[in-house]
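This report concerns only the one structure given below.
The values are calculated or read from the model by the stated rules, or taken from the named source; none is laboratory data. It should be emphasised that the depicted structure is a prediction, and the values quoted were computed from it without experimental measurement. Virtual Cβ from ideal backbone geometry, glycine too; neighbours counted across all protein chains shown.
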Amino acid sequence: MMPFRSIPTLVIVSVLLALSGAGQGHCSPVPTDPAQDFTQQLLKIAAEPPDRCDPQSNKDEDDAKTESSVFGDAVEIIVAELNTTPASPEPVLDRAIEALKKLEQTSAEINVAWPDVDRFHFQILDVSPALVLKVTFRTRARFFVLGVPEGRQWNPNRLWRQVGYDEESIEHEAVAVSIVLYPLHRGPSGNARFLAGFDYVGCAGNSMGVAYDVREWNPKSGGNLEQIIKQEGAFGIDEPADGRKPTPKDPFAPIGVLQTQGSPISLPYCWFSAIDTWDNPSMCAVDSYDLSKDDIKFRSRSYNRPDLLPIAKAIEYAEKRDYPAVLGYCASDEVAQGLVRDVPLFVFAGDLQVTRKGDGKEHVEMDGYRFDVEKRAGRWLVAAFSSQ
């Protein structure tokens with residue numbers, strides 16, 4: 001253990017080294033020019049394959065850090081351009097696009113060995129007074145929101161700033177992340193609103209993760225970017241939500257279509273559950289929201305297979321031994337107790353057989369379990385359960 005009295009000596013030595021420049025490389029990082037750093041990061045990764053799933057791709061964290069630096073440098077460059085003094089007479093959007101095109105050209109020259117789609121690219125969604133910047137590089141995408149917060153205490157010089165960014169692409173470890181941006185209906189206050197739709201794909205598998213991230217920006221009160229809707233789910237690779245209805249040949253078709261125009265919006269998605277028969281989510285839903293007011297309202301949720309929903313949800317909660325939640329999907333206390341008692345930690349349907357037994361009545365067999373479901377007062381419930 002270091003003697004306490006030796007600390008002042010070390011402090012003095014460190015100060016002297018810093019003043020002399022001898023310790024500058026370790027103690028005082030030199031500020032970098034974002035434009036130069038952007039170029040250096042492109043050069044650093046140019047020898048790597050653009051696809052992370054390529055066997056020759058570097059799988060350590062260095063590539064991820066380089067991608068993050070490319071995105072961060074691009075944002076700094078654009079913010080600096082928007083804050084140029086004296087300001088250019090060109091419209092703000094045109095100035096941002098012009099600066100971003102230069103970054104695209106730099107990537108085109110340095111990453112010439114890659115397909116064009118994998119080089120640095122951008123899209124700007126103008127939701128005045130904010131700009132939503134989507135940037136893509138290799139197989140990943142992110143968005144950043146730029147604006148001018150109001151109020152002397154928050155932004156006395158009325159400068160453009162990065163006022164928000166996505167967290168979704170950071171939270172997920174998918175190899176490929178894509179984003180589609182949509183402007184949304186504004187409430188009476190006129191605050192900027194937009195939807196970012198995320199798709200996540202790994203190197204293997206037959207499904208992709210999805211997420212809907214709805215944001216609102218109010219330039220007042222510090223100009224915080226607020227998340228007002230978040231919904232996660234999944235889709236089969238070959239089963240996008242396109243309005244199809246389940247049929248005997250396609251019993252688990254997704255329900256609904258993405259609707260972003262007007263005050264009501266619809267967000268379709270699926271999720272993995274115990275009734276899945278392979279690596280594709282079987283249960284799907286579509287959520288509807290009303291954006292006509294400043295406070296958004298949830299309107300409804302519809303399911304592709306409401307008859308099988310109580311089985312999927314009852315098993316989900318039975319695996320967690322959550323009796324009250326299981327009871328909410330069962331017709332009796334006895335059925336709920338049997339599910340909590342007999343369902344193991346993990347259930348996978350494998351082979352799912354559904355037999356209609358009459359109007360509003362079905363018999364379902366899967367993985368050694370038997371269920372009877374009935375529609376009562378407009379709701380499907382598990383009326384009977386048994387296991388082998």
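Structure above, values below:
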quantity	calculated
Elements of type strands (runs of 3 or more DSSP E) in the stretch 91-166, at least 2 residues being among the hydrophobic types (A, V, I, L, M, F, W, C)	121-127, 130-137, 140-147
Among (1) closer than 24 Å to Tyr269 by Cβ; (2) crowded, with 19+ Cβ neighbours inside 10 Å; (3) touching a residue at least 24 places away in the same chain (Cβ under 8 Å); (4) among the hydrophobic types (A, V, I, L, M, F, W, C) - the single one Phe346 does not satisfy	(2)
Ala325 vs. criteria within 28 Å of the chain's Cα centre (by Cα), more than 30 Å from Glu226 (Cα to Cα) and among the small types (Gly, Ala, Ser)	yes
Output for the stretch 360-382, where each listed residue is assigned to a strand (DSSP E or B), out of contact with any helix residue (DSSP H, G or I) (no Cβ under 7 Å at 6 or more places or on another chain) and surrounded by 14 or more Cβ atoms within 10 Å (Cβ to Cβ)	Lys361, Glu362, His363, Glu365, Met366, Tyr369, Arg370, Asp372, Glu374, Lys375
Breaking point among (1) of a type outside the set (Lys, Arg); (2) buried (at least 18 other Cβ atoms within 10 Å of the Cβ); (3) more than 20 Å from Pro34 (Cα to Cα); (4) free of Cβ contacts under 8 Å to residues at least 60 places away in the same chain, for Pro89	(2)
Single condition Ala196 does not satisfy, out of (1) surrounded by fewer than 21 Cβ atoms within 10 Å (Cβ to Cβ); (2) assigned to a strand (DSSP E or B)	(1)
Conditions (1) closer than 22 Å to Lys361 by Cβ; (2) free of Cβ contacts under 8 Å to residues at least 12 places away in the same chain: number failed by Ser302	(2)
Which numbered condition Gly350 fails, given (1) in a loop (DSSP other than H, G, I, E, B); (2) at pLDDT 95 or above	(2)
Some residue of the stretch 147-157 being in contact with a helix residue (DSSP H, G or I) (Cβ under 8 Å, 6 or more places away or on another chain) and not polar (S, T, N, Q)	no
Residue check for Trp271: closer than 30 Å to His363 by Cβ, among the aromatic types (Phe, Trp, Tyr) and touching a residue at least 24 places away in the same chain (Cβ under 8 Å)	yes
Some residue of the stretch 314-327 being surrounded by fewer than 12 Cβ atoms within 10 Å (Cβ to Cβ) and not acidic (Asp, Glu)	yes
Only one of Asp372, Asp367, Asp307, Asp322 that is closer than 27 Å to Tyr269 by Cα and touching a Phe, Trp or Tyr at 6+ places or on another chain (Cβ under 6 Å)	Asp307
Leading residue by the ranking (farthest from the chain's Cα centre (by Cα)) among those in the stretch 175-190 that are under 19 Å from Gln259 (Cα atoms) and assigned to a strand (DSSP E or B)	Pro183
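Per-residue answers, yes or no, for (1) closer than 30 Å to Asp54 by Cβ; (2) among the aliphatic types (A, V, I, L, M); (3) exposed (fewer than 15 other Cβ atoms within 10 Å of the Cβ):
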{"position": "Ala192", "(1), (2), (3)": "no, yes, no"}
{"position": "Cys203", "(1), (2), (3)": "yes, no, yes"}
{"position": "Val214", "(1), (2), (3)": "no, yes, no"}
{"position": "Asn218", "(1), (2), (3)": "no, no, no"}
{"position": "Gly223", "(1), (2), (3)": "no, no, no"}
{"position": "Glu232", "(1), (2), (3)": "yes, no, no"}
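Each row is one residue, and each column tells you yes or no for (1) buried (at least 19 other Cβ atoms within 10 Å of the Cβ); (2) within 24 Å of Glu226 (Cβ to Cβ).
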residue	(1), (2)
Lys102	no, no
Thr106	no, no
Glu109	no, no
Val112	no, no
Asp118	no, no
Gln123	no, yes
Leu131	yes, yes
Val135	yes, yes
